[in-house]
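The values are calculated or read from the model by the stated rules, or taken from the named source; none is laboratory data. As the structure is a computational prediction, the values presented were derived from the model and not from experiment. Cβ: placed from backbone, ideal geometry, glycine included. Neighbour counts: every protein chain shown. Side chains are part of the model used for accessible areas, which takes the heavy atoms of the whole protein and leaves out ligands, DNA and RNA. Shrake-Rupley method; radii C 1.70, N 1.55, O 1.52, S 1.80 Å.
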Amino acid sequence: MKSTTKTSPLRVAIIGAGQVADKVHASYYCTRDDLELVAVADSRLSQAQALAEKYGNAQAWDDPEAMLREVRPDIVSICSPNRFHHEHVMLALAAGCHVMCEKPPAMTPEQAEEMCQAARRAGKVLAYDFHHRFAEDAQLLRQQVMDGTLGEIYVTNAKALRRCGVPGWGVFTNKELQGGGPLIDLGVHMLDAAMYVLGFPAVKSVTAHSYQKIGTRKNNGQFGEWDPSTYTVEDALFGTIEFHNGGILRLETSFALNIPEQSIMNVSFCGDQAGATLFPMHIYDDCNGELRTLFRREQADDRRHFRSMDAFVRHVQGEPVTIADAEQGRIIQQLVAALYQAAETGKSVEL
């Protein structure tokens, strides 16, 4: 990748002026003297203006293509709805920008592949905000896995579950605009964290089952109200990913599921030498029938978004920092598509 090295601040633009643009992207960029937020684009000009004014003197646009052409930023954050990630990433890469895109990468594996190829041709950084892998817990556990502490990991369980956490805002219940429900919104995070810790092993096949039992008959929950008559996504999806090395990854994800916990976001790993839980990171084995702790963090890292954004910027500036890159984003998108396909067809999907 070509790095961007300038003495003057790098010029940053944001496409999509919603909550994540505000709370994650703009708030991070404005902590750095070597970055300058110069433009915000959103189809709702008033929304772009509000975000631009909150963080200084950035310009507000309702046309991202015109904004890229006129402003010529160095870095662009893509925070638009899922349906527009591909279009906006491709525009930003064509304009010669480094790109940080919110998850998921796109709507289809084909789009994610096209984005990956475009970044490679342009010689620009394309990263995705899979922020859970940037927790210190994930970084430390990845190192322990590489060091052989767990031995051969043959069963991984990833859970991204809510008892009744259907988002009551945005387009989260609209499959056409969002691409799916809890899998593409929540499950994709724990899926990426699991794959990162495992080192992205090669996938052999995928099976899955999805259900829509609650969202079409209830209308309120932890995150407000929704319209059951326009609820077109899954309530829950349960899948199994089989790797060529013989291991499996079981994924459970839900917006609504009758479980006692309000929310579960975690991954556990079972190796032949030890097991581990990701958040907070805990490595353990058995000693004469008793659980023995080998390594433990008392509290999970809560600065994941900051660390994700920081890694991206440092990578753009030429530091040898690991990011959630375009190729790994393509793999995650392929797995999401395979899980949905397997659930819809009732058949195993070979990869």
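Among the listed pairs LYS213/LYS347; LYS124/LYS204; LYS54/LYS124; LYS159/LYS204; LYS175/LYS213, those whose Cα-Cα separation exceeds 27 Å are LYS124/LYS204; LYS54/LYS124.
The simple Förster model, with R0 at 30 Å and r as the Cβ-Cβ distance, assigns GLU261 and SER46 a FRET efficiency of 0.20. Considering only SER43, SER27, MET90, and ranking their Cα positions along the charge dipole of the range 1-155 that arises from unit charges at the beta-carbon of Lys, Arg, Asp and Glu, the one farthest toward the positive end is MET90.
At a Förster distance of 45 Å, what's the computed FRET efficiency of ASN219 paired with CYS287, Cβ-Cβ distance as r, to 0.05? It comes out at approximately 0.35.
Under the criterion of Cα pairs below 8 Å and six or more residues apart, the relative contact order for the chain equals 20 percent. Please quote Rg/Rh for the chain to two decimal places, taking the Kirkwood radius as Rh and restricting both calculations to Cα atoms. Taking Rg over the Kirkwood Rh, I get 0.97.
In order along the range 320-334, phi translates into HN-Hα couplings of x, 10, 6, 10, 7, 8, 4, 5, 5, x, 4, 5, 4, 4, 5 Hz, rounded to whole numbers, per the Karplus curve 6.51 cos²θ - 1.76 cosθ + 1.60 with θ = phi - 60° and x for Gly and Pro.
Taking label positions 7 Å along the Cα-Cβ direction at both HIS244 and ASP302, the computed distance is 4.2 nm, reported to one decimal.
When a/c is below 1.5 the answer is rounded, else prolate if a/b is larger than b/c, else oblate, so apply that to the range 151-262 with a ≥ b ≥ c taken from the square roots of the Cα gyration tensor eigenvalues. Verdict is prolate for the range 151-262.
Placing unit charges on each Cβ (+1 for Lys and Arg, -1 for Asp and Glu) gives the range 59-162 a dipole about its Cα centre, and among GLN111, THR149, ALA66 the Cα reaching farthest toward its positive end belongs to THR149.
Loop-resident trypsin sites (Lys or Arg not before Pro) (DSSP state other than H, G, I, E or B) in the range 290-351 with no more than 13 further Cβ atoms inside 10 Å of their Cβ: ARG303, LYS347.
Legend: P(r) of the range 43-200 from all alpha carbon pair distances, 5 Å bins from 0, whole percents, reading 1, 8, 14, 17, 17, 16, 13, 8, 4, 2, 1.
From the square roots a ≥ b ≥ c of the eigenvalues of the alpha-carbon gyration tensor of the range 229-317, which class results: rounded (a/c under 1.5), prolate (a/b over b/c), or oblate? Here the range 229-317 falls in the oblate category. Any chance you could give the angle, 0 to 90 degrees and rounded to 10, that helix 136-146 forms with the longest Cα principal axis of the chain? Result, in degrees: 60.
Rounded to the nearest 20, the Cβ-based charge dipole of the chain about its Cα centre (Lys and Arg +1, Asp and Glu -1) stands at 140 debye.
The length gained by stretching the chain between ALA66 and TRP169 to full extension, at 0.36 nm per residue less their Cα-Cα distance, is 34.2 nm. To put it simply, the accessible area of the range 6-73 at a 1.4 Å probe is 42 percent carbon and sulfur. For the range 221-351, the share of accessible area belonging to carbon and sulfur comes to 46 percent (1.4 Å probe, ligands and nucleic acids excluded). Dipole of the chain computed with +1 at Lys/Arg Cβ and -1 at Asp/Glu Cβ about the Cα centre; of SER254, ILE15, GLN341, farthest Cα towards the positive end is ILE15. Applying the Karplus relation 6.51 cos²θ - 1.76 cosθ + 1.60 with θ = phi - 60° to the range 258-271 yields 3J(HN,Hα) values of 7, 10, x, 6, 5, 7, 9, 9, 7, 9, 10, 10, 10, x Hz, where x marks Gly and Pro. The angle between the Cα long axis of helix 109-122 and the longest principal axis of the Cα atoms of the chain comes to about 50 degrees, rounded to the nearest 10.
Accessible surface for the chain, divided over its residues, is 44 Å² per residue with a 1.4 Å probe. Note: relative contact order over the range 110-225, using C-alpha pairs below 8 Å and six or more positions apart, is 32 percent.
Applying 1/(1 + (r/R0)^6) with R0 = 30 Å to the Cβ-Cβ distance of SER348 and SER229 gives a FRET efficiency near 0.35. Between amide H atoms placed 1.01 Å from N, distances below 5 Å from GLN212 occur with ASP235, all of them 5 or more places distant or on a separate chain. In this structure the amide hydrogen of LEU126, modeled in the peptide plane, comes within under 5 Å of the amide hydrogens of VAL99, ALA326, none closer than 5 places in sequence on its chain.
Classified by the C-alpha gyration tensor, the range 139-178 has a prolate form. Its axis ratio a/c, with a ≥ b ≥ c, is 1.5 or above, and a/b is larger than b/c. A full extension of the chain between ASP147 and PHE295 corresponds to an added length of 51.9 nm, given 0.36 nm per residue minus the alpha carbon distance. Ignoring the sites themselves, the chain has its longest run without GluC sites (Glu not before Pro) in a DSSP loop having at most 13 other Cβ atoms within 10 Å at 1-151. Between GLU53 and GLU136, the distance separating the two model label sites (each 7 Å from Cα on the Cα→Cβ line) works out to 4.0 nm. For the chain, the longest principal axis of the alpha carbon atoms and the long axis of helix 45-54 meet at an angle near 90°.
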